[in-house]
1. Past the 23 Å Cα-Cα mark, which pairs from A:Lys117/C:Lys272; D:Lys152/D:Lys193; D:Lys113/D:Lys202; A:Lys93/B:Lys88; B:Lys79/C:Lys73; D:Lys95/D:Lys165?
2. I'd like to know which of D:Leu157, C:Leu107, D:Gln200 lies farthest towards the positive end of the charge dipole of the protein assembly as shown, counting +1 on Cβ of Lys and Arg and -1 on Cβ of Asp and Glu.
3. Over the Cα atoms of the range C:226-269, what is the Rg over Rh ratio if Rh follows Kirkwood?
4. Give, rounded to the nearest 20 debye, the magnitude of the charge dipole that the range C:152-236 has about its Cα centre when Lys and Arg contribute +1 at Cβ and Asp and Glu contribute -1 at Cβ.
5. Hey, what D do you get for the range A:35-151 in µm²/s if you plug the Kirkwood alpha-carbon radius into Stokes-Einstein at 37 °C and 0.692 mPa s?
6. Taking the convex hull of the Cα atoms, report for the range D:100-216 its projected area averaged over all directions, in nm².
7. Can you work out the Karplus-derived ³J(HN,Hα) for every residue in the range D:161-172? Use 6.51 cos²θ - 1.76 cosθ + 1.60 with θ = phi - 60°, whole Hz, and x for glycine or proline.
8. What length, rounded to one decimal in nm, is gained on full extension from A:Lys33 through to A:Asn131, with 0.36 nm per residue of separation minus their alpha-carbon distance?
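Any read-out appearing in this document is the output of simple, stated calculations on the displayed coordinates, not a laboratory observation. Worth saying up front: this structure is predicted, and the values here are computed from it rather than measured. Cβ atoms come from the backbone with ideal geometry, glycine included; neighbour counts cover every protein chain shown.
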Amino acid sequence: MQTRRETLKHSAAVAGLLASTGLFPQYAQAFDKAAFETKSVAEAVKAMGGSAPVESKDVTITGPDIAENGAVVPLGVSTSLGNVKRMLLLVEKNPSALIAMFNVSPEVEANFATRSKMGQSSDVYAVAITNDGKAFFAKKEVKVTLGGCGG
Amino acid sequence: MRIRAQAAGDKATIRVLMSHEMESGQRKDGTGKLIPAWHIQDVTATLNGKVVMTAEWGPAVSKNPFLQFTIKGAKAGDKVGITWKDNKGDTRSDEATVS
Amino acid sequence: MHVNAVETRMKKLFFALGLIGLCAAAFAQKSSTDSIAEYRAMLQDGNPAELFEAKGEDLWKQKRGPKNASLEKCDLGKGAGVVKGAWVELPRYFSDTGKVQDLESRLVTCMQELQGFNGDEIAKTPFGKGEQSNVTALATWISAESKGMKFNLPQGHVEERKMYEVGKRLFFMRGGSHDFACATCHGQDDKRIRLQDLPNLTKNPGAGNGFGAWPAYRVSNGQMWGAQLRLNDCYRQQRFPYPLFGSEATIALGVYMGVNGKGGEATAPAIKR
Amino acid sequence: MNRKYQIALSAVVVALLTACAAPMPSSADLDKLTQDIIGRSFRAQGQAKLDRLSSDEDNLLCAEAERTGVPLDAKVTEAIEARNMKTIKAPADGKYLGDFKEGEKIAQSGAGKTWIDAEGSANGGNCYNCHQISKEELSYGTLGPSLYNYGKIRGALEPNSPVTKAITEYTWGKIQNARAYNACSNMPRFAHKGVLTEVQIKHVMALLLDPASPVNK
């Protein structure tokens, strides 16, 4: 296991290392700002290169039934489908629906977890986009007892 | 950053905590002015220097973000690297050894 | 993660699985309390307090301040430089200052004596700013080094016993515009405010669980709170005036709760709503 | 043993002796010490001034009984209740019930009187912090009894009935100053301590006693 370290101090060295692997230049064009500004689930999926999403039991969304605090809502997306290139996590009623996008490679499982802010109770979506642009989703309702966006 | 990389069978679970404000862009300051969004937007994971996962995040990912994913074929002793970049161009990288 | 925590979670999981097995309808009837418990359990793995622990450990070892010294010779009560187990015996009496001190006030003493910082200035700095945020990070790491250990505050010195008695008086003191005492919310078993369970801080398990959880990461604001800020915000909600950082009142309350929590397990740094 | 150690050791012994020899002060001295410590430990902040630290006699008596576990003498209890009863005033216009919808807002709000609240800003009633009230609000506390169906189960929804009149007056008094009925109640004295205005109390009354209030459905 990683021992604790001072990130700031250490970062420069690793950054140098990564730069030498040719990793850094790819950042420049990575972030798709427009997709993260779309308002609906459908628009976001489209912006991320998926067709109209179809509900599928092969996609799983995990999250709490009730979030005590909307500032931190643990959510997970996964799928048993093969040939998946992207996994999306969305919160329908947030000001922008798209929370996170994960690019799936052969080296990782199509299974990711993070935590999201939620302004109010809402359906949350996991969407899997396949290599041929098909989109499959699963959703569940998460009730928020205290909003997390307004501060 | 805190990276924990734990091998089990022929894969390793990676858990990451990152220090970041993740300002949503929805909040107002004391004078009623909107505080601009400030968030991590790109995350890259490497295994022994090779990119295995990239992600894009919006401002709705929670403050001090948590990320969990699984790398296939990773074994004890392998190096897992995580790099993030935010919308102000700030970046951090760190590395952990799979145990 | 601590073994007991894993065990507890496993038990919870088996319990949950059992319910599903026995009757599927139980799922639909799951109470909001169960759902909230489930939500809290989901957050346990990956507590951002770890980020503050890492910062605190570095701060302990780093040469800083006007004297360009580390804190590695700081005496937290178990001898110079001894960190492990120090937190479960604090607050305690220190002969060099002639005072009963808690972890945070003791850290300020060390930062002043060893590193040359101005302790009064640090005490006056708002929580979360400047050297105050460093004190919190240090306290986070130091408390984590005692994780799983049992509280055992010393009561051998008369000053320690006096502070317990003062703390007890403060705990029951009613005041402010609402007549609230600490005891109003934390003097009975199995009560809650809104959906928050309220530990009974007059005895175990509440005292150990409650006192032993801070410093804690608060998900509501993404801040790391030490015991001093925890008590400060209690007094705010009691509608009292502002307790000074490291004041005798807050330290006396720490002695009262810590002694009541004797034998309870240290869980800090915890994650709270 | 070398001399340096001897000196060090004797210092330790002296320190130990001092610690052991120093007697524990009397309870009265500890009360005094507590007051001194309170005087040194707080500062005024915002509207939370230092006068908030002075306990009235009712609070001193109740705090001591709770700390020591020795219940108050019946006569003392009566005296506290009588003192507080005197503070209760019937509504000037004789009307006890306001708007239950406003009452719900007041019951929900925990704002007011802290050092971050602007002076003069409206105070909440903090009701849901301690009580279940309407069935819709799941986030309620348990420090006080459930108030769900408050008027209904007391048979206090019939206008002009003697029961309704009695329950209405009791509830009015209880919200104004709970310690007129229970000397050491944990409930704030909303009117006596200026936490809620008369108009606000009428709204909360309506939440509990208006037949149309969701509480009585």
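1. D:Lys152/D:Lys193; A:Lys93/B:Lys88; B:Lys79/C:Lys73
2. Of the candidates, C:Leu107 comes out farthest on the positive side.
3. Using only Cα positions, Rg/Rh for the range C:226-269 is 1.01.
4. 120
5. It comes out at roughly 237 µm²/s.
6. Taking the Cα atoms of the range D:100-216, their convex hull projects to 7.3 nm² on average.
7. Couplings: 8, x, 5, 4, 4, 5, 5, 4, 5, 4, 5, 4 Hz.
8. The A:Lys33-A:Asn131 span can extend by a further 33.1 nm.
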